[in-house]
Amino acid sequence: MRKRDAHERDKALQKATILTEAMPWIHRHNGQTIVVKYGGAAMEDEGLMRQVVGDLELLKLMGMRVVLVHGGGKAINRLLDSLQLPVSFKDGLRVTDDATMEAVQMVLVGKVNQQLVWALNEYGNNAVGISGADGKTFKCRQVDPDLGRVGKVIKVNTHLIESILDDGYVPVIASVGSGPDGFYNVNADVVASQVAQALGADTLVYLTDVDGFYREFGNEESLIATMTADEAHELLYSGTLAAGMIPKIRSIVEALDSGVRDVRILNGTFPHSLLLEIFTDAGIGTMFKQGDE
């Protein structure tokens, strides 16, 4: 016969309350497509990484079609440093000569992508890793000769991604694309936005190292809970954004303009931030959304 003390009963009740609160959100998101861009410190720490992929698996079990797009900037920097190759950025984008491009491919496609696939597959036969070059998923052209092999996505072919989703897997996509003259390094924030737009995704999530979007970075009181598409447009062209934020905010604006319902910026180092944002009433990050609803 099972026996519980009062403390155990209270813990069980708390869990039941949480599930009850989550139920309408689970119902709402069932069958929807969510694109998650993953990078930063949450991906560097193995414990945090396992927690994030566990949350992604839970989203999948709750009926969502999950697509994971990843970068790997810190790992790329470490390899470049070990190879004594320069690290340089312009307007938030990595300057990528041919040698740097090889390093980017080694890290993103050969290492980070496979680590994430392995972690997801520890929960079952759940993930398939690809890059934008597979199936010509990202057709790219050069952004700027001064940036070298930095690519702009001019077309997303969703056939391979949708095939993986339809077969019940999570596509894990490295932010490397291709063009007629070879491979391109593509900003992962931009890739996630382009993929969300092409798939007609309902939600796009950026897992970062900060709690959300700050109107004044470093001032915790300036954290913004919600922002409309119109407000995001004004922000993008205000001239007040730091260079590193420009690609992210531009990608958010483009996603909203294309019909993605909402875009979230979350702190991926906060335990279960993805679940708290999607399946609770409060949310914990910044939501960019259509209109005032």
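No value in this document is a laboratory result; all are computed from the given coordinates. What you are looking at is a predicted structure, and each value in this text was computed from that prediction instead of being measured. In this analysis, Cβ positions are derived from the backbone assuming ideal geometry, glycine residues included, and neighbour counts consider all displayed protein chains.
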Completion exercise
Ranked on Cβ counts within 10 Å of their own Cβ, fewest leading, 240, 226 go 240, 226
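Taking neighbour counts of Cβ atoms within 10 Å as a proxy for exposure, in what order, fewest first, do 60, 37 appear?
Working: 60 20, 37 29.
Ascending number of Cβ neighbours within 10 Å: 60, 37.
Count charges around residue 101 for me, please; just the other residues with Cβ under 12 Å from its Cβ, Lys/Arg as +1, Asp/Glu as -1. All intermediate terms of the calculation are to be shown ahead of the outcome.
On the way: positive: 94, 149; negative: 97, 98, 102, 181.
Cβ neighbours under 12 Å give a net charge of -2.
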Completion exercise
Using the Kirkwood radius over Cα pairs of the stretch 105-152, the Stokes-Einstein translational diffusion coefficient at 4 °C and 1.567 mPa s, in µm²/s and rounded to a whole number, is 104
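Output the pairs from 37/289; 155/289; 90/248; 74/289; 60/90; 136/248 with a Cα-Cα distance over 26 Å in this structure; if there are none, say none.
Working: 37/289 17 Å; 155/289 24 Å; 90/248 14 Å; 74/289 30 Å; 60/90 37 Å; 136/248 24 Å.
Among 37/289; 155/289; 90/248; 74/289; 60/90; 136/248, the Cα-Cα distance tops 26 Å for 74/289; 60/90.
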Problem - Contact order relative to length of the chain, as percent, for alpha carbon pairs under 8 angstrom and 6 or more apart - result: 21
Practice task
Lys and Arg at +1, Asp and Glu at -1: add these up for the other residues within a Cβ distance under 12 Å of residue 223 and post the number.
Solution key: -3
Exercise for the section: Highest first, please rank the peptides 265-271, 201-207 by the mean number of other Cβ atoms sitting within 10 Å of their residues. Expected result: 201-207, 265-271
Practice task
Choose one answer from 39, 212, 92: the residue with the largest mean-square fluctuation in a GNM of the chain with alpha-carbon springs under 10 Å.
Solution key: 92
Exercise for the section: Starting with the highest mean, order 117-124, 169-176 by the number of other Cβ atoms within 10 Å, averaged over the residues of each peptide. Expected result: 169-176, 117-124
Handout entry: Reach of residue 111 by Cα under 14 Å, taken over aspartates and glutamates that are not fewer than 8 positions away in the same chain
Key = 44, 46, 102
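Lys and Arg at +1, Asp and Glu at -1: add these up for the other residues within a Cβ distance under 10 Å of residue 266 and post the number.
On the way: positive: 264; negative: 211, 277.
Here the charged neighbours net out to -1.
What translational diffusion coefficient, to the nearest whole µm²/s, does the chain have by Stokes-Einstein, given a Kirkwood radius computed over alpha-carbon pairs, a temperature of 37 °C and 0.692 mPa s viscosity?
Numbers: Rh = 19.8 Å.
Stokes-Einstein gives a translational diffusion coefficient of 166 µm²/s.
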Practice task
Assuming 1.567 mPa s and 4 °C, estimate D for the stretch 172-293 with Stokes-Einstein, Rh taken as the Kirkwood radius over Cα pairs, in µm²/s.
Solution key: 86
Practice task
Go through 132-142, 62-72 and give me the packing order, highest mean Cβ count within 10 Å leading.
Solution key: 62-72, 132-142
